[in-house]
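The values are calculated or read from the model by the stated rules, or taken from the named source; none is laboratory data. Owing to the predicted nature of the structure, the values given are computational and were not obtained by experimental measurement. So basically every Cβ, Gly included, is an ideal-geometry build from the backbone, and we count neighbours across all protein chains shown. Quick note on the areas: whole protein, heavy atoms, side chains included, nothing else; ligands and nucleic acids left out. Shrake-Rupley method; radii C 1.70, N 1.55, O 1.52, S 1.80 Å.
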Amino acid sequence: MRLGVLDVGSNTVHLLVVDAHRGAHPTPMHSEKTVLRLAEQITKDGELSKDGVSALVRAVQSAKDAAKRLGCEELMSLVTSAVREATNASKVLQKVAEETGVELRVLNGDDEARLTFLAVRRWYGWSAGKLLVIDIGGGSLEVAMGIDEEPELAESLPLGAGRITRTRFSHDPPSRSELVSTTVWLEDQLGDLAKKVAKLGQPDRVVATSKTFRSLARLTGAAPSAAGPREHRVLTDTALRQLIAFVSRISSRDLAELEGVGSSRAHQLAAGALVAQATMRALSVELLEICPWALREGVILRRLDHSDGADQTATMTGQARHA
């Protein structure tokens, strides 16, 4: 079965195409991104601008065409914080559906956390024990924790790297006072989450997903993406502290020249690093591992879980009875 996932995020519209069936490892066949920075096209009234809507319609149509060309049997489409928080979200979704025929599913933050957790659980397996999963997006921070495939805790906070950049930084690079005040503010914002996580006990493994964490890990010495998804990658609090001292003094234009930093996200790298550091400190994490699977893979895995596995089981049972 060839499936496509269209993820409309705060920064990009990302199409992932995989070949997969129930019980098998999803094999990536195609991936393409369109940089829209929708979160930066929200007006003072909280609406997604007309230009933003038009760009979104074009990106969705392009992704739909690509999915058809690549032979996708199904295209699962979802939107996260940038669009769901827009005051004209319903009109935007209706416009996209009318123009492209694609109905975008609005995914709330807690469900983002749950689906990302599912992907990480499947990647590491049951031997990983109790997992603590952290994901920094453009608009929000997701944290989930548990020992099963359904986490005991799934939280989403409006602490995404892009949001912090827009609301708390007015300089590029950010000023010393902005860095200090944001660090203190983040500590306060994460207080309640830290208490909830502490009640669940010590995790056996702490894992991070998202482009932000991958970039931070790469800049602290992790293997490049060319080394493949199974390469072991980690990020430590010590390395992150040293990195912040470096990236917080460099303009986004210069950061974009560094290996592992995309030009579409360079402007929010410093904020992402501060969120990562604050979260690790609040949750008493000294080292975390980088998982290549995240939300899109979680969506695919959930879809496969609800495929024809039950019918296959019934058929196998029937064959066994007649053997």
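A few notes on this one:
- Residue, farthest from Ala276 (Cα to Cα), within the range 233-248, restricted to residues that are open to solvent by 30 Å² or more (accessible area, probe 1.4 Å) and not in a helix (DSSP H, G or I): Arg233
To keep it simple, each residue is scored yes or no on (1) more than 23 Å from Ala161 (Cα to Cα); (2) touching a residue at least 12 places away in the same chain (Cβ under 8 Å).
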| position | (1), (2) |
| --- | --- |
| Lys44 | no, no |
| Glu73 | yes, yes |
| Val79 | no, yes |
| Ala82 | no, yes |
| Thr87 | no, yes |
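- Check on Ile300, at pLDDT 95 or above and in contact with a Lys or Arg (Cβ under 6 Å, 6 or more places away or on another chain): no
- Top-ranked residue of the range 1-22 - restricted to ones that are in a loop (DSSP other than H, G, I, E, B) and touching a Gly at 6+ places or on another chain (Cβ under 7 Å), ranked as most open to solvent (accessible area, probe 1.4 Å): Arg22
- Every pair of residues 6+ apart whose Cβ atoms lie under 7 Å, when the first sits in the range 12-23 and is of a type outside the set (A, V, I, L, M) while the second is part of a strand (DSSP E or B) and surrounded by fewer than 20 Cβ atoms within 10 Å (Cβ to Cβ): Thr12/Lys33; Thr12/Thr34; Thr12/Val35; His14/Lys33; Asp19/Arg2; Asp19/Thr27; Asp19/Met29
- Number of the exception - Val247 against (1) within 19 Å of the chain's Cα centre (by Cα); (2) on the phi < 0 side of the Ramachandran plot: (1)
- Single residue of the range 110-133 satisfying the filter (farther than 15 Å from Glu297 by Cα and in a loop (DSSP other than H, G, I, E, B)) that is most open to solvent (accessible area, probe 1.4 Å): Lys130
Matching residues to (1) within 23 Å of Cys291 (Cβ to Cβ); (2) modelled with pLDDT of 95 or more; (3) open to solvent by less than 50 Å² (accessible area, probe 1.4 Å):
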{"residue": "Ser175", "(1), (2), (3)": "no, yes, yes"}
{"residue": "Thr182", "(1), (2), (3)": "no, yes, yes"}
{"residue": "Leu193", "(1), (2), (3)": "yes, yes, yes"}
{"residue": "Asp204", "(1), (2), (3)": "yes, yes, no"}
{"residue": "Ser215", "(1), (2), (3)": "yes, yes, yes"}
{"residue": "Glu231", "(1), (2), (3)": "yes, yes, no"}
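- Residues of the range 31-62 that are in a helix (DSSP H, G or I) and of a type in the set (Lys, Arg): Lys50, Arg58.
- The residues of the range 192-224 include none that are hydroxyl-bearing (Ser, Thr, Tyr) and free of Cβ contacts under 8 Å to residues at least 12 places away in the same chain.
- Scanning the range 134-173 for residues that are open to solvent by 50 Å² or more (accessible area, probe 1.4 Å) and polar (S, T, N, Q) returns Thr167, Ser170.
- Residue in the range 139-162 that is closer than 17 Å to Ala39 by Cα, in contact with a Lys or Arg (Cβ under 7 Å, 6 or more places away or on another chain) and not aliphatic (A, V, I, L, M) present: yes
- Filter pass, Ser251 being open to solvent by 50 Å² or more (accessible area, probe 1.4 Å) and either modelled with pLDDT under 95 or of a type outside the set (D, E, K, R) (or both): no
- Some residue of the range 68-83 being on the phi > 0 side of the Ramachandran plot and assigned to a loop (DSSP other than H, G, I, E, B): yes
- Residues satisfying the stated conditions in the range 273-297, i.e. part of a helix (DSSP H, G or I) and either at pLDDT below 95 or farther than 13 Å from Ala20 by Cα (or both): Ala273, Leu274, Val275, Ala276, Gln277, Ala278, Thr279, Met280, Arg281, Ala282, Leu295, Arg296
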